[in-house]
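The structure appears right after this line, and notes come after that.
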Amino acid sequence: MLRPDRFGWPVLGLGLGFAMACLTTGASVASADNYADKMFKVKSHDFRTVGRGTKSEYHFEFTNPYNEDVHVSGVRTSCGCTTPTLTKDTLKTHETAAVVAKFNTSTFIGQKAATVTVVFDRPKYAEVQLKVSGFIRTDITFDPPEVAFGEVPAGAERERDILITHNGNTNWEIIDVRSHCSNLRVRLEPAQRTPGKVQYRMQVRMDSEMSEGEIRERLTLISNDRSFPTTEMSISGRVRPAVSVSPAAVSLGTTQLDSKVEKKLIVRGEEPFEIKDVQCADERFKFEVPIGSKKLHLVKLVYSGDGTAEPISQEIRIVTDLPGDRAASCIVTGTIAN
(Lines give C-alpha, C1' and ligand atoms only; values in the text may rest on other atoms or scores of the structure.)
Protein backbone atom coordinates (compact mmCIF):
# COMPACT_ATOMS: atom_id res chain seq x y z
CA MET A 1 0.00 0.00 0.00
CA LEU A 2 1.01 3.65 -0.34
CA ARG A 3 3.16 5.06 2.48
CA PRO A 4 3.20 8.83 3.26
CA ASP A 5 6.25 11.07 3.13
CA ARG A 6 6.90 13.86 5.66
CA PHE A 7 4.44 16.12 3.82
CA GLY A 8 1.65 13.55 3.94
CA TRP A 9 2.04 12.55 0.29
CA PRO A 10 2.21 8.77 -0.37
CA VAL A 11 5.58 7.69 -1.75
CA LEU A 12 5.52 5.81 -5.05
CA GLY A 13 9.13 4.78 -5.39
CA LEU A 14 10.38 1.26 -5.84
CA GLY A 15 13.87 2.74 -6.06
CA LEU A 16 15.48 4.68 -8.88
CA GLY A 17 18.54 3.01 -10.36
CA PHE A 18 21.44 4.86 -11.91
CA ALA A 19 23.80 3.47 -14.55
CA MET A 20 27.16 4.87 -15.59
CA ALA A 21 28.27 4.56 -19.20
CA CYS A 22 31.86 4.86 -20.34
CA LEU A 23 32.94 6.71 -23.46
CA THR A 24 34.62 4.52 -26.04
CA THR A 25 36.45 5.29 -29.23
CA GLY A 26 34.29 5.17 -32.35
CA ALA A 27 34.83 2.11 -34.50
CA SER A 28 34.41 1.78 -38.23
CA VAL A 29 31.07 0.54 -39.57
CA ALA A 30 32.96 -1.51 -42.12
CA SER A 31 34.37 -3.66 -39.34
CA ALA A 32 31.06 -4.14 -37.50
CA ASP A 33 28.62 -6.93 -38.35
CA ASN A 34 24.97 -5.94 -37.88
CA TYR A 35 26.17 -2.40 -37.18
CA ALA A 36 22.63 -0.95 -36.98
CA ASP A 37 21.47 -3.57 -34.45
CA LYS A 38 24.33 -2.62 -32.14
CA MET A 39 23.11 0.97 -31.90
CA PHE A 40 19.92 -0.08 -30.05
CA LYS A 41 20.02 -1.19 -26.41
CA VAL A 42 16.29 -2.01 -26.36
CA LYS A 43 14.39 -3.53 -29.30
CA SER A 44 11.07 -4.55 -27.74
CA HIS A 45 8.52 -2.92 -25.46
CA ASP A 46 5.31 -4.10 -23.81
CA PHE A 47 2.85 -1.29 -23.07
CA ARG A 48 1.02 -3.83 -20.91
CA THR A 49 -2.61 -2.82 -20.19
CA VAL A 50 -3.60 0.77 -21.01
CA GLY A 51 -6.86 2.73 -21.01
CA ARG A 52 -8.85 3.82 -24.04
CA GLY A 53 -7.55 7.10 -25.47
CA THR A 54 -4.58 7.33 -23.11
CA LYS A 55 -1.24 8.54 -24.43
CA SER A 56 1.13 5.59 -24.84
CA GLU A 57 4.52 6.17 -26.46
CA TYR A 58 7.88 4.47 -26.21
CA HIS A 59 11.23 5.93 -27.28
CA PHE A 60 13.56 3.32 -28.79
CA GLU A 61 16.81 5.24 -28.41
CA PHE A 62 19.82 4.53 -30.60
CA THR A 63 23.33 5.99 -30.52
CA ASN A 64 25.94 6.20 -33.27
CA PRO A 65 29.27 4.85 -31.87
CA TYR A 66 30.99 4.87 -35.27
CA ASN A 67 33.30 7.32 -37.00
CA GLU A 68 30.93 7.62 -39.99
CA ASP A 69 27.62 9.51 -40.05
CA VAL A 70 24.53 7.28 -39.86
CA HIS A 71 21.32 8.06 -41.76
CA VAL A 72 17.82 6.56 -41.38
CA SER A 73 15.95 6.60 -44.68
CA GLY A 74 12.60 5.60 -43.20
CA VAL A 75 10.49 3.67 -40.70
CA ARG A 76 7.46 1.47 -41.34
CA THR A 77 4.99 -0.50 -39.24
CA SER A 78 3.26 -3.84 -39.69
CA CYS A 79 0.05 -2.67 -37.95
CA GLY A 80 -1.94 0.55 -37.84
CA CYS A 81 -2.18 0.17 -34.07
CA THR A 82 1.31 1.69 -33.88
CA THR A 83 2.63 4.85 -35.55
CA PRO A 84 6.43 5.26 -35.70
CA THR A 85 8.26 8.58 -36.03
CA LEU A 86 11.90 9.71 -35.80
CA THR A 87 13.31 12.43 -33.57
CA LYS A 88 16.30 12.76 -35.94
CA ASP A 89 17.34 10.96 -39.12
CA THR A 90 21.08 11.77 -39.31
CA LEU A 91 23.47 11.03 -36.45
CA LYS A 92 27.08 12.07 -36.19
CA THR A 93 29.52 10.19 -33.95
CA HIS A 94 28.14 9.72 -30.39
CA GLU A 95 24.85 11.46 -31.19
CA THR A 96 21.59 9.89 -29.99
CA ALA A 97 18.10 9.84 -31.52
CA ALA A 98 14.95 7.79 -31.03
CA VAL A 99 12.27 5.92 -32.92
CA VAL A 100 9.05 6.94 -31.16
CA ALA A 101 6.42 4.19 -31.25
CA LYS A 102 2.94 5.61 -30.56
CA PHE A 103 0.29 3.08 -29.53
CA ASN A 104 -2.99 4.23 -31.11
CA THR A 105 -5.30 3.72 -28.15
CA SER A 106 -8.10 5.92 -29.53
CA THR A 107 -8.72 3.84 -32.66
CA PHE A 108 -7.83 0.26 -31.59
CA ILE A 109 -8.93 -1.97 -28.73
CA GLY A 110 -7.93 -5.33 -27.30
CA GLN A 111 -4.59 -7.11 -27.61
CA LYS A 112 -2.39 -5.56 -30.31
CA ALA A 113 1.19 -6.00 -31.52
CA ALA A 114 3.34 -4.49 -34.25
CA THR A 115 6.78 -4.72 -35.78
CA VAL A 116 8.46 -1.40 -36.58
CA THR A 117 11.18 -1.66 -39.22
CA VAL A 118 13.91 0.99 -39.20
CA VAL A 119 15.75 1.31 -42.54
CA PHE A 120 19.29 2.71 -42.69
CA ASP A 121 20.91 3.71 -45.98
CA ARG A 122 24.18 5.26 -44.76
CA PRO A 123 26.95 4.37 -44.32
CA LYS A 124 25.50 1.15 -45.76
CA TYR A 125 22.09 -0.49 -46.02
CA ALA A 126 20.69 -2.16 -42.90
CA GLU A 127 17.35 -2.86 -41.21
CA VAL A 128 16.42 -3.15 -37.54
CA GLN A 129 13.12 -4.57 -36.31
CA LEU A 130 11.51 -3.26 -33.13
CA LYS A 131 8.61 -5.04 -31.41
CA VAL A 132 5.73 -3.44 -29.48
CA SER A 133 2.65 -4.97 -27.88
CA GLY A 134 -0.08 -4.16 -25.41
CA PHE A 135 -3.74 -4.48 -24.44
CA ILE A 136 -6.14 -1.52 -24.87
CA ARG A 137 -9.14 -1.77 -22.56
CA THR A 138 -12.36 0.16 -23.19
CA ASP A 139 -13.71 0.48 -19.65
CA ILE A 140 -11.03 2.86 -18.25
CA THR A 141 -10.23 6.41 -19.38
CA PHE A 142 -7.98 9.18 -18.04
CA ASP A 143 -8.63 12.92 -18.33
CA PRO A 144 -6.18 14.31 -19.38
CA PRO A 145 -4.77 11.27 -21.22
CA GLU A 146 -1.36 11.48 -19.48
CA VAL A 147 0.40 13.20 -16.58
CA ALA A 148 2.13 15.98 -18.51
CA PHE A 149 4.42 18.19 -16.40
CA GLY A 150 5.71 20.14 -19.39
CA GLU A 151 8.94 22.16 -19.14
CA VAL A 152 10.11 22.53 -15.54
CA PRO A 153 13.16 24.44 -14.18
CA ALA A 154 15.66 22.34 -12.25
CA GLY A 155 14.77 22.17 -8.54
CA ALA A 156 11.09 23.08 -9.07
CA GLU A 157 8.02 21.07 -8.08
CA ARG A 158 4.93 20.43 -10.17
CA GLU A 159 1.51 18.91 -9.52
CA ARG A 160 -1.13 17.60 -11.94
CA ASP A 161 -4.74 16.43 -11.41
CA ILE A 162 -6.13 13.42 -13.27
CA LEU A 163 -9.71 12.13 -13.44
CA ILE A 164 -9.85 8.34 -13.67
CA THR A 165 -13.15 6.86 -14.90
CA HIS A 166 -14.14 3.19 -14.85
CA ASN A 167 -17.37 2.18 -16.60
CA GLY A 168 -19.14 -1.02 -15.60
CA ASN A 169 -18.66 -2.69 -12.24
CA THR A 170 -19.41 -0.17 -9.47
CA ASN A 171 -17.42 -2.30 -7.02
CA TRP A 172 -14.21 -1.56 -8.95
CA GLU A 173 -11.55 -0.14 -6.65
CA ILE A 174 -7.97 1.16 -6.92
CA ILE A 175 -5.99 -0.46 -4.11
CA ASP A 176 -2.48 0.80 -4.91
CA VAL A 177 -0.45 3.01 -7.28
CA ARG A 178 3.15 2.12 -8.10
CA SER A 179 6.10 3.66 -9.94
CA HIS A 180 9.82 3.03 -10.38
CA CYS A 181 10.56 6.74 -9.83
CA SER A 182 11.22 7.84 -6.24
CA ASN A 183 10.60 11.51 -7.11
CA LEU A 184 6.85 11.08 -7.62
CA ARG A 185 4.08 11.30 -5.04
CA VAL A 186 0.41 10.46 -5.53
CA ARG A 187 -2.81 11.19 -3.66
CA LEU A 188 -6.19 9.60 -4.43
CA GLU A 189 -9.43 11.21 -3.33
CA PRO A 190 -12.30 8.92 -2.23
CA ALA A 191 -14.07 7.17 -5.08
CA GLN A 192 -17.26 8.69 -6.46
CA ARG A 193 -19.73 5.91 -7.35
CA THR A 194 -22.79 6.29 -9.55
CA PRO A 195 -24.79 3.60 -11.39
CA GLY A 196 -22.40 1.94 -13.86
CA LYS A 197 -19.49 4.29 -13.11
CA VAL A 198 -16.62 4.75 -10.65
CA GLN A 199 -14.44 7.88 -10.67
CA TYR A 200 -11.27 8.83 -8.80
CA ARG A 201 -9.48 12.17 -8.72
CA MET A 202 -5.74 11.67 -8.48
CA GLN A 203 -3.05 14.27 -7.79
CA VAL A 204 0.48 13.47 -8.97
CA ARG A 205 3.36 15.58 -7.65
CA MET A 206 6.92 15.72 -8.95
CA ASP A 207 9.39 16.74 -6.26
CA SER A 208 12.34 19.10 -6.56
CA GLU A 209 14.89 16.26 -6.75
CA MET A 210 13.74 14.97 -10.16
CA SER A 211 16.77 14.43 -12.40
CA GLU A 212 17.44 16.90 -15.21
CA GLY A 213 16.43 15.88 -18.73
CA GLU A 214 13.44 14.12 -20.29
CA ILE A 215 10.81 12.57 -18.02
CA ARG A 216 9.41 9.30 -19.38
CA GLU A 217 7.86 7.45 -16.49
CA ARG A 218 4.64 5.59 -15.88
CA LEU A 219 2.23 4.83 -13.07
CA THR A 220 0.77 1.39 -12.53
CA LEU A 221 -2.72 1.38 -11.03
CA ILE A 222 -3.47 -1.78 -9.04
CA SER A 223 -7.17 -2.61 -8.85
CA ASN A 224 -9.40 -5.38 -7.48
CA ASP A 225 -10.25 -6.45 -11.05
CA ARG A 226 -9.01 -10.05 -11.24
CA SER A 227 -9.12 -10.12 -15.05
CA PHE A 228 -7.15 -6.88 -15.48
CA PRO A 229 -5.51 -6.07 -12.13
CA THR A 230 -3.08 -3.46 -13.54
CA THR A 231 -3.48 -0.45 -15.83
CA GLU A 232 -0.63 1.81 -16.99
CA MET A 233 -0.56 5.59 -17.28
CA SER A 234 2.28 7.58 -18.80
CA ILE A 235 4.11 10.56 -17.28
CA SER A 236 5.98 13.05 -19.46
CA GLY A 237 7.88 16.28 -19.12
CA ARG A 238 11.34 17.77 -19.13
CA VAL A 239 13.43 19.18 -16.31
CA ARG A 240 15.38 22.03 -17.84
CA PRO A 241 19.08 21.80 -16.86
CA ALA A 242 20.38 24.47 -14.50
CA VAL A 243 23.41 24.71 -16.78
CA SER A 244 23.99 23.45 -20.32
CA VAL A 245 26.77 23.44 -22.91
CA SER A 246 26.43 23.59 -26.67
CA PRO A 247 27.19 22.02 -28.96
CA ALA A 248 26.68 18.77 -27.04
CA ALA A 249 28.78 16.90 -29.60
CA VAL A 250 31.89 18.57 -31.06
CA SER A 251 33.67 17.13 -34.08
CA LEU A 252 37.27 18.11 -34.77
CA GLY A 253 37.18 16.24 -38.07
CA THR A 254 40.40 14.71 -39.39
CA THR A 255 43.53 16.36 -38.03
CA GLN A 256 47.27 15.92 -38.54
CA LEU A 257 49.55 14.46 -35.87
CA ASP A 258 50.76 17.88 -34.76
CA SER A 259 47.86 20.10 -35.83
CA LYS A 260 46.07 22.66 -33.67
CA VAL A 261 42.25 23.06 -33.64
CA GLU A 262 40.17 25.65 -31.77
CA LYS A 263 36.46 25.51 -30.97
CA LYS A 264 34.02 27.63 -28.96
CA LEU A 265 31.74 26.15 -26.28
CA ILE A 266 28.67 28.10 -25.17
CA VAL A 267 27.76 27.52 -21.52
CA ARG A 268 24.34 28.78 -20.36
CA GLY A 269 22.66 28.87 -16.97
CA GLU A 270 19.24 29.61 -15.51
CA GLU A 271 20.93 32.23 -13.29
CA PRO A 272 24.36 33.92 -13.19
CA PHE A 273 27.24 31.57 -12.38
CA GLU A 274 31.01 31.24 -12.44
CA ILE A 275 32.93 28.39 -14.04
CA LYS A 276 34.99 26.67 -11.33
CA ASP A 277 36.70 23.99 -13.41
CA VAL A 278 36.90 22.31 -16.81
CA GLN A 279 37.65 18.61 -16.49
CA CYS A 280 39.24 16.61 -19.30
CA ALA A 281 41.43 13.49 -19.07
CA ASP A 282 43.20 14.13 -22.39
CA GLU A 283 46.23 16.43 -21.96
CA ARG A 284 46.05 17.45 -25.62
CA PHE A 285 43.12 19.72 -24.66
CA LYS A 286 43.50 23.15 -23.06
CA PHE A 287 40.77 25.65 -22.20
CA GLU A 288 40.45 29.41 -21.86
CA VAL A 289 37.78 30.13 -19.23
CA PRO A 290 36.20 33.58 -18.76
CA ILE A 291 36.04 35.05 -15.26
CA GLY A 292 33.08 36.59 -13.49
CA SER A 293 29.48 35.57 -12.86
CA LYS A 294 26.96 35.71 -15.70
CA LYS A 295 24.29 33.61 -17.42
CA LEU A 296 26.34 32.93 -20.59
CA HIS A 297 30.03 32.09 -20.95
CA LEU A 298 32.16 31.39 -24.03
CA VAL A 299 34.87 28.80 -23.36
CA LYS A 300 37.66 28.39 -25.90
CA LEU A 301 38.69 24.77 -26.49
CA VAL A 302 42.16 24.29 -27.93
CA TYR A 303 43.33 20.88 -29.16
CA SER A 304 47.05 20.49 -29.88
CA GLY A 305 48.35 17.29 -31.45
CA ASP A 306 51.35 15.76 -29.68
CA GLY A 307 52.57 13.55 -32.51
CA THR A 308 50.65 10.47 -31.40
CA ALA A 309 47.95 8.80 -33.49
CA GLU A 310 45.59 8.14 -30.57
CA PRO A 311 42.00 8.81 -31.76
CA ILE A 312 40.13 11.74 -30.24
CA SER A 313 37.15 10.66 -28.13
CA GLN A 314 36.75 12.65 -24.96
CA GLU A 315 34.15 13.94 -22.51
CA ILE A 316 34.53 17.56 -21.41
CA ARG A 317 32.87 18.40 -18.07
CA ILE A 318 32.32 22.03 -17.07
CA VAL A 319 31.77 22.56 -13.34
CA THR A 320 30.07 25.72 -12.03
CA ASP A 321 29.53 27.37 -8.66
CA LEU A 322 25.76 26.82 -8.81
CA PRO A 323 24.32 24.90 -5.81
CA GLY A 324 25.59 21.34 -5.75
CA ASP A 325 28.44 22.23 -8.16
CA ARG A 326 26.09 21.83 -11.11
CA ALA A 327 27.93 20.70 -14.22
CA ALA A 328 27.35 20.15 -17.93
CA SER A 329 29.20 17.92 -20.38
CA CYS A 330 29.89 17.61 -24.07
CA ILE A 331 31.67 15.01 -26.19
CA VAL A 332 34.57 15.82 -28.52
CA THR A 333 35.57 13.41 -31.27
CA GLY A 334 37.96 13.37 -34.19
CA THR A 335 40.39 11.23 -36.17
CA ILE A 336 44.12 11.50 -36.74
CA ALA A 337 45.35 11.36 -40.35
CA ASN A 338 47.87 8.59 -41.01
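The values are calculated or read from the model by the stated rules, or taken from the named source; none is laboratory data. Because the structure is a prediction, the values reported are computed rather than measured. Cβ sites come from the backbone with ideal geometry, for glycine too, and all protein chains shown count toward neighbours.
General remarks:
- Screening segment 309-336 for residues that are part of a loop (DSSP other than H, G, I, E, B) and not small (Gly, Ala, Ser) and picking the one that is modelled with the highest pLDDT gives 321.
- Pairs linking a residue in segment 196-225 that is outside any strand (DSSP E or B) to a residue that is surrounded by 15 or more Cβ atoms within 10 Å (Cβ to Cβ) and among the acidic types (Asp, Glu), with Cβ atoms under 6 Å and 6 or more positions apart or on different chains, are 224/173.
- Wholly enclosed strands (runs of 3 or more DSSP E) of segment 247-303 bearing at least 3 residues in contact with a strand residue (DSSP E or B) (Cβ under 6 Å, 6 or more places away or on another chain), modelled with pLDDT under 90 and not assigned by TED's automatic domain parsing to the domain that holds residue 69: 249-255
- The condition of being touching a strand residue (DSSP E or B) at 6+ places or on another chain (Cβ under 9 Å), over 17 Å from residue 52 (Cα atoms) and not basic (Lys, Arg) holds for only one of 162, 174, that being 174.
- For segment 255-294, a residue qualifies if it is within 25 Å of residue 151 (Cβ to Cβ) and in contact (Cβ under 8 Å) with a residue 60 or more places away in the chain, and the qualifying residues are 265, 267, 270.
- Every residue from segment 149-175 that is outside any loop (DSSP other than H, G, I, E, B) and surrounded by 15 or more Cβ atoms within 10 Å (Cβ to Cβ): 149, 152, 158, 160, 162, 164, 165, 166, 167, 174
- Within segment 296-315, not a single residue is touching a His at 6+ places or on another chain (Cβ under 8 Å) and surrounded by fewer than 18 Cβ atoms within 10 Å (Cβ to Cβ).
- Filtered by the rule that a residue be without any contact (Cβ under 8 Å) to a residue 40 or more places away in the chain and surrounded by 16 or more Cβ atoms within 10 Å (Cβ to Cβ), segment 114-136 gives a lone residue, 114.
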